[in-house]
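Presented below is the structure to which this report refers.
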């Protein structure tokens, strides 16, 4: 295999746009950043020590790994589980591969190598690799593009790229390129004598672009383009997939005609990741317009306040209506939030616009983080915004896409903090860390961040490297006013870019300290009036963190009875021994109705209501949304009633 | 076949409890009542002249009838459609059979006879009849109780009972009893040497009780008991049905342990119909307690204000949470509302409690009637309580259960107006009609109703028969105060029963006129605070009719922007040339926000909101909910925002 001559810095890069012609930012590798904070470092340790080993154990117990052994002829018996189960193994492997960066874990390395052994053994002589379509089902290969063969291939390729970039080893990459070659040889434009092929669950598109970036082989980019361009003609599947229309797998319109997120949410956003990757490599104005239009639609009409996507359980996605954002029945799949972070990261690299980092950050602190319990042992597939105590995290799922997705994001996390351009360093995310960032000219800028983010908006960045360069600090979208920036405690000249980064260009000395102060008032957020569920309700946010109220903190009153008036305020308070250390919001609310008032009625005439008699005040504690359902079950609300 | 000696009056009785030992009321036959009103008579004509012929045509076009011809060996080709499609033909036939009562329609009679021909021809020599499990699938008979064989048998039996009671002819009844005998011989207690059998979609239970009532053969009642008692042990299906738990088909708990409606809504309520029928025949206190408990749960925690049941699309039913009543994503299947009317009718016969008639009436005027368009040409499967214009009625569905259900209810309707006891007549529903009601002693009481119900609460009942007897007039639950009752314009002594009927016992003369006046103020209904979507919203009701606002009546303002204060009132106005003649409610509302105020944002901090500046008043017209989506598409809301 001929690998492109990746320079040292592009190893352990998550999305390697370092040589992509149509992108503004250069990514920093994971290994360039060492997190030294109290928020993420602990979670990344849980990921390595609890989550990944547990996922491995569950992949074994549920036959997902045995399926590979069976395909390799090492094991008798039937295929176990669902037709897309290979992907869970690949995603676990990708997460474990990225987790190896900067970690000297013998156990993790052994886990990775064991997985690669079984995967490599299961590959067919012609490069094909899918353990479901083996033996008795071999004749059904590629007969139904809804059965996730491309999807699983995509996850294999992503795992292989991660493994190569993390370790420099090529064994899994070799497996993945053989399968990719098999796909490229078989599927493509019919005028080239190839077979029509497509992907019922987008995923392989972004994987192929990365494979191109890793190997330098342009055919992989061309294949990704083919797969994106080849949609919208109702040809992805001959048969309807259950009750769903062709928009379920984004096959209802050509990509450049899409104007909103449609269908299955994870599919839609993975597809957009791939299209954005293509737009980094090629001059594709139509793709860019479609991506921009969909992003505007998403953020102004389709996204939950916690970043969740896909309101409907039925199709794990969107219906035709904008503003459809039910709270209790939110699907808001953890994977869709991970996908959205991935998509916004790609858009950020393309543009240097902070609004994309805002969405990433929203996902990270809210609907991705809610996807895993504080002890790393349970996962949410759905992330509702209200509940009566039934929704609890589970160790695993029959469709187990979410655990691996949370893990790979945590493994990759340091790689999302910084980017570079020719003239300096961009800071996207805030948490204490040390970084050594290599610019395109191979010079390196070292710096450290110190902050108690997200509990505090006070951030100090200390330069370790002297010289004339730019520092770009993201001004988060949630910060509307009152922010200040100093260098060595003195006012400093800066430019606020149209992408909402504070650009400070100067002759830096070692140990210069940039102090960015972002005020973090408690914000009472309200919803567009077309979001029918949120009428006369407010959600509390502080910085990037969304809050909720949970029954366990309010033994005397059902949280659904609280009513807040405009004069009710909340005060933040850091509580170290609660939920692993969180800032809670303390306030009071009015309680008028009681359940007894309603006399077991569901509806009543307003005239018959005799309320306001029993009004009393009650203390209220709001906790970060991501931390709910970690204690005893009870009702939870994000959107609080106002009087 | 030995038929029980039905007396003349029990012919055309829908649910024949006339000799059931544990029931309070005797049903009146359909033919005893001639509707002479302007509300229902027209709809029943549409049913006979438009709906039933169209459904027949669609059953032909979609291969549903061809499936029977194929099973009879009269036609080559494959089975067409879904495995439960036979039931649509049976339900059409039942609706057409009941529609023959009092109608001398040659076309309808011919339609009925043609259907009976193909059905009878398709029956196997051993009595089995299901066109899906024929030829290549004959070996799969009774291997999966989720595949609706019992369900289809139940609809066949109901159609046969209807046809016999309507026409006196026994041909279809003979087919149905042969199939019922086949089922009774094969499935039953294992200690009797029979095979375990059950019903993934309850329906046959109530059908078998009626077959017992029709034929006098006690084994059918025993079989219904077996099928109800035999649930709750997770044995209905060996394999999980899709992603659904055993509660999907009410197989998670024994019937007597059920405390709320669970799983698929239509299944749950059909099962309750069957259990209520059993409770009419046998002393079953445990069944009664379970039924009462479920009814309380339904009306106090699980039912939409329009009578709809089953909030979730995913399982067409209930989740584990009470108060889960999303408006836009309400599933609220038309069939579930029909089923609920059927269940409440059975409970009413059992108890003589008006609250059951209240639920029936709520279903009739709201979520059943919304199931069909004003022209009789389109149907709703789901009945949401808010929409943005996407939800429209369709001519037909792949799963076409709802059209036939609306039709059979309209065909049966006159049979729901009255009951009798030994001492007199019970009036449940109000609409102009003439009735001749036979009491158990074979005496007949004739009377007429004159009213403009549901637009007016003024009802006059004129006796045609002299004598000492009781008249029971239902006092609707929606009428809280101010009602009056007179006889010949004079005050009259009456008793208000604990079941909320006004009982007037006297020596009646011919042409006595009872005048019942039920005030119909416009009620602003509010929801229990746990119904999260309806916070600070009101729904308008007048009498039994629920109202909504629809975009087409408000070209200048999106109806979702209206805000109502407590001082905003509504005045009813009858408009004869709108929506086939309706009382609309006229009022005004405040409009503050405009879409432009939101600057394409989905969420904003309250502090950043500069509202109240642009407040203006707008005229509002609310229409009956059942009549929405009959004009051009646009947003619709039942639950209106209040300030």
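Each value in this text was obtained by applying a stated rule to the coordinates, not by laboratory testing. It should be emphasised that the depicted structure is a prediction, and the values quoted were computed from it without experimental measurement. Every residue, glycine as well, gets a Cβ built from its backbone with ideal geometry; the counts of neighbours run over all protein chains shown.
What is the mean projected area of the alpha carbon convex hull for segment A:419-517, to one decimal in square nanometres?
Averaged projected area of segment A:419-517's Cα convex hull equals 5.9 nm².
How far is residue A:196 from itself in the other copies, in nm, if each label sits 7 Å out from Cα along the Cα-Cβ line, shortest first?
4.7
Based solely on its DSSP helices, what 222 nm [θ] is calculated for chain B when runs of n ≥ 4 H residues each add -39,500 (n - 2.57) and the sum is averaged over all residues, nearest 500 deg cm²/dmol?
-9000 deg cm²/dmol
How many Cβ atoms of partner chains, on average, are near each residue of A:307-317 if near means within 10 Å of its Cβ?
Mean shielding by partner chains, rounded to a whole number: 2.
Averaging sequence separations of C-alpha pairs under 8 Å and six or more residues apart, then dividing by the length of chain A, give the relative contact order as a whole percent.
Value for chain A: 13 percent.
How long, wide and thick is segment B:221-317, going by the Cα atoms along their three principal axes, in whole angstroms, largest first?
Projected onto the principal axes, the Cα atoms of segment B:221-317 cover 36, 36, 18 Å.
Taking other Cβ within 10 Å of each residue's Cβ, how do A:220, B:574 sort, fewest first?
Ascending Cβ contact count within 10 Å gives the list B:574, A:220.
Sequence gap at least 6, Cα distance under 8 Å: using those rules, report the relative contact order of segment B:54-119 to the nearest whole percent.
Over segment B:54-119, the number comes to 34 percent.
Report, for residue B:105, each distance to the same residue's label point in the other copies, shortest first and in nm; define the point 7 Å along Cα→Cβ.
Spelled out, the distances from residue B:105's label point are 7.2 nm.
From zero outward in steps of 10 Å, how is the percent of C-alpha pairs of segment A:112-236 spread across the bins?
13, 47, 33, 7, 0
Per residue Cα convex hull volume for chain B, in cubic angstrom?
Convex hull of Cα atoms, per residue: 157 Å³.
If you find the alpha carbon centre of segment A:483-533 and of segment A:391-434, how far apart are they in angstrom?
22 Å
What shape does the protein assembly as shown take by its C-alpha gyration tensor, where a ≥ b ≥ c are the square roots of the eigenvalues and a/c under 1.5 counts as rounded, a/b above b/c as prolate, and the rest as oblate?
Prolate, since a/c reaches 1.5 and a/b exceeds b/c.
How long are the semi-axes of the ellipsoid equivalent to segment A:522-641, from square roots of 5 times the Cα gyration tensor eigenvalues, in whole Å, largest first?
Semi-axis lengths for segment A:522-641 are 26, 17, 14 Å.
Given an 8 Å cut-off on Cα distances and at least 6 residues of separation, report the relative contact order of segment A:47-203 as a percent.
25 percent
Write down the Å³ per residue value for the convex hull defined by the alpha carbon atoms of segment B:37-416.
136 Å³
Compute the Cα gyration tensor for segment B:1-139, then decide on rounded, prolate or oblate, letting a ≥ b ≥ c be the square roots of its eigenvalues: rounded whenever a/c is under 1.5, prolate when a/b is larger than b/c in the other cases, and oblate in all that remain.
Since a/c reaches 1.5 but b/c is at least a/b, the shape of segment B:1-139 is classed as oblate.
Using every alpha carbon pair in segment B:284-401, what percent of pairs falls into each 10 Å bin from 0 up to the bin containing the largest distance?
Per 10 Å bin, starting at 0, the Cα pair percentages come out as 14, 43, 31, 11, 1.
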